[in-house]
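Note sheet for the following structure.
Here, each number is a calculation from the coordinates, and none is a lab measurement. Computed from a predicted model, the values in this text were never measured in an experiment. Reconstructed Cβ throughout: ideal geometry from the backbone, glycine too, with neighbour counts over all protein chains shown.
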Amino acid sequence: MLIPFNKPYLTGKEFVYIQEAASKGKLSGDGEFTKRCQAFFENKYGFKKTLLTTSCTDALEMAAILLDIRQGDEVIMPSYTFVSTANAFILRGAKIVFVDSRSDNPGIDETEIEALITTKTKAVVIVHYAGIACNMDAIQRLTSEYDLFLVEDAAQAIDSYFNNKALGSFGHLAAFSFHETKNIISGEGGMLAINDERFIERAEIIREKGTNRNRFFRGEIDKYNWVDIGSSFLPSEITAAFLWAQIEDIEDIQRKRILLWNAYYAALAPIKEHVDLPELPSYATNNAHAFFLVCKDRETRDQLIGFLKSNEILSVFHYLSLHNSPFYKDKHDGRVLPQSDRYSDCLVRLPLFYELDTDQVWQIASLISRFISEHAGQLRTEMSKR
């Protein structure tokens, strides 16, 4: 039986809540379910204000507008990330300055940031890859010293922590994703977390097409007007109702995903000599967003993906380094980013979703171990012939 890379999990309450939202006659956004979701995230994770959005991409675009990113501003971020991280700031006219990844995980190498800061630098955007926290102490020291804005792309980082503080609560702004591949989902969907109070009122305006409509609905003004730039970043109540069903089960979802992640690690530990497994820094927690391997080279990675597919298991590579992309290669300053390129060439993600069971994890791990052992044996044979 085919084991897919991902399978969206339904708790069983999604359609009940969607029907409830419809029966109340409020299908556009900012209804009861939107408010429930936002209150949950604010109370559980300590964000000052949250706003559900139509996607994490839109949350990042809102962040770029809120920071008043303009032509000529420089924004520092990792090259090993999804294109939306960069696009949001490119759309405002920014020059992107890419940073390499760490050698022990694909997160940004915080030791390389300071050398890239110039008088034009306006913001640092970090990405918590696979929910593994970046070194927030070091990064916050830099952004504070140089008076820079900090944005967390926390698309994969819900319910993950740095030294017991929730990811997404460090930056001035943070963006989360509820895409169907994430831990809790709404199909498409995202959220902007605001940790600096000066951005709250304007964020509401930008999200509502540049109008002060929210203030009108709260009775703070007698009519609403077009007061700023903005767009329709507001998700429907149907999306929020679906998400609320997921939120109610977040603890169970997280327990199961962590169980599967730990099973992968235990099963694959014997082959650590031949393939890198994900390692958590001492300051980071594991939200089990993804389980990945880093092979020795691209050929091995591609062959492993093909081998698993031939055994009806779908595994996938991940990002291609943005500094080498067709769109940005000519704009990049020419620095070589070896770790980012290594992850682009060698990283493979394994199936991880709620309905996967530990027997299937061991089945997948057994096939990987067999492939890696045979591949390592072939390499030793080839070396002995030279």
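Between S373 and S23, the contour length at 0.36 nm per residue exceeds the Cα-Cα span by 120.2 nm. In the chain, the longest principal axis of the Cα atoms and the axis of helix 56-66 are about 50 degrees apart.
Taking 7 Å steps out from each Cα toward its Cβ at F327 and Q303 produces label points 3.5 nm apart.
Length gained on full extension, I221 to E248, computed as 0.36 nm times the residue gap minus the Cα-Cα distance: 6.2 nm. Per-residue extension of 0.36 nm, minus the Cα-Cα distance of D196 and L314, leaves a gain of 38.3 nm for this segment. Amide hydrogen proximity for S160: with H placed 1.01 Å from N in the peptide plane, the residues at 5 or more positions away or on another chain lying under 5 Å are L167.
Couplings 3J(HN,Hα) of region 194-202, computed from phi: 10, 10, 10, 4, 5, 9, 5, 4, 5 Hz, in residue order, whole Hz [Karplus 6.51 cos²θ - 1.76 cosθ + 1.60, θ = phi - 60°; x for Gly and Pro]. Please say if region 250-379 is rounded, prolate or oblate, where rounded means a/c under 1.5 for a ≥ b ≥ c the square roots of the C-alpha gyration tensor eigenvalues, and otherwise the choice is prolate for a/b larger than b/c and oblate otherwise? Since a/c reaches 1.5 but b/c is at least a/b, the shape of region 250-379 is classed as oblate. Taking amide H as placed 1.01 Å from N in the peptide plane, the amide H of D100 sits under 5 Å from that of D109, each at least 5 places away or on another chain. Of the peptides 143-154, 271-282, the order by per-residue mean of other Cβ atoms within 10 Å, starting with the highest, comes out as 143-154, 271-282.
What the phi angles of region 273-281 give under the Karplus curve with 6.51, -1.76 and 1.60, with θ = phi - 60°, is a coupling list of 5, 10, 8, 7, 9, x, 10, 9, x Hz, glycine and proline written as x. Working from label points 7 Å from Cα in the Cα-to-Cβ sense, the L259 to V83 distance is 3.8 nm. Across region 30-36, coupling constants 3J(HN,Hα) worked out from phi with the 6.51/-1.76/1.60 Karplus curve, θ = phi - 60°, read 6, x, 4, 5, 4, 5, 4 Hz, and Gly and Pro carry x. Shape class of the chain from the Cα gyration tensor (axes a ≥ b ≥ c, square roots of the eigenvalues): oblate, since a/c reaches 1.5 or more and a/b does not exceed b/c. Suppose R0 equals 25 Å. What FRET efficiency, 1/(1 + (r/R0)^6) with r the Cβ-Cβ distance, do T358 and K13 give to the nearest 0.05? Efficiency at R0 = 25 Å is approximately 0.45. Counting only DSSP beta bridges with both residues in region 14-248, tell me the antiparallel percent, nearest 5. In region 14-248, DSSP labels about 50 percent of beta bridges as antiparallel.
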